[in-house]
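Enquirer: My questions all concern the structure below.
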Amino acid sequence: MPEPTWQKSSFSGSGGNGECIELAATPTLHLRESAHPEAILTPTPAALRALLTYTQRPSAERKLTGEGSMDKDKLNWIKAAEEGEPEYFEIAFGEGDDVDNVYIRVNTDPDNIVITTQRKWEAFVLGVKAGEFDHFVEGVEG
């Protein structure tokens, strides 16, 4: 498999270390948090399209609350999906001591979780809204 070329949002930390949520295609799709590159999600094109659609909604910018724990079974997972899709992303937002974390997973592999920060999530959402990742799902129905 060729080494993925990772793309981040142009809104990601230009003044800091540039860590962010990244996407790549090899042609399989991949999503990771650059600060923790070992956790890589491999969604279907339809699941990624649904995530990009979800992030266009105003609710994607709000902090939604979980139970304040990294316990994946206690987080309030929000389904980012089109109706009837068998594979989809789930997003959870921490609270309390965990308020800065955002958790991302694909429902078909719930133990593989990408953890990012609220700031990085917001930069990703801005990039999605600017159309920076549209080429990853061009031609995908939905």
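The values are calculated or read from the model by the stated rules, or taken from the named source; none is laboratory data. If you're wondering where the values come from, they're calculated on a predicted model, not measured in any experiment. Heads up, the Cβs are rebuilt from the backbone with ideal geometry, glycines too, and the neighbour counts pull from every protein chain shown. Please note that ligands, DNA and RNA were not included when accessible areas were found on the heavy atoms of the full protein model with its side chains. Shrake-Rupley method; radii C 1.70, N 1.55, O 1.52, S 1.80 Å.
Enquirer: Any residue in region 80-89 that is open to solvent by less than 30 Å² (accessible area, probe 1.4 Å), within 15 Å of the chain's Cα centre (by Cα) and closer than 16 Å to residue 32 by Cα?
Expert: Yes.
Enquirer: Out of the residues in region 104-116 that are among the β-branched types (Val, Ile, Thr) and open to solvent by 30 Å² or more (accessible area, probe 1.4 Å), state the one that is farthest from residue 76 (Cα to Cα).
Expert: Step one: of region 104-116, the residues among the β-branched types (Val, Ile, Thr) are 104, 106, 108, 113-116.
Narrowing the set further to residues that are open to solvent by 30 Å² or more (accessible area, probe 1.4 Å) leaves 108, 115.
Values: 108: 17, 115: 14 Å.
Looking at the filtered set, the residue picked out is 108.
Enquirer: Under the condition of being touching a Pro at 6+ places or on another chain (Cβ under 7 Å) and modelled with pLDDT of 90 or more, which residue from region 1-48 is surrounded by the most Cβ atoms within 10 Å (Cβ to Cβ)? Walk me through how you get there before you give the answer.
Expert: In the first step, residues of region 1-48 are kept if they are touching a Pro at 6+ places or on another chain (Cβ under 7 Å); the result is 24, 26, 29-31.
Okay, now just the ones that are also modelled with pLDDT of 90 or more, so 24, 29-31.
Numbers: 24: 17, 29: 19, 30: 17, 31: 25.
Ranking the candidates gives 31 first.
Enquirer: Among the numbered criteria (1) under 16 Å from residue 12 (Cβ atoms); (2) open to solvent by less than 40 Å² (accessible area, probe 1.4 Å); (3) of a type in the set (A, V, I, L, M), which single criterion is violated by residue 126?
Expert: (2)
Enquirer: Would you be able to tell me the number of residues in region 49-79 that are within 17 Å of residue 100 (Cβ to Cβ), at pLDDT 80 or above and buried (at least 20 other Cβ atoms within 10 Å of the Cβ)?
Expert: Residues that pass the stated criteria total 1.
Enquirer: Kindly list, by first and then second residue, each pair from a residue in region 90-101 that is over 10 Å from residue 117 (Cα atoms) and open to solvent by less than 60 Å² (accessible area, probe 1.4 Å) to a residue that is assigned to a loop (DSSP other than H, G, I, E, B) and at pLDDT 85 or above, limited to pairs with Cβ atoms under 6 Å and residues at least 6 apart or on different chains.
Expert: The qualifying pairs are 90/77; 90/107; 92/75; 92/76; 92/77.
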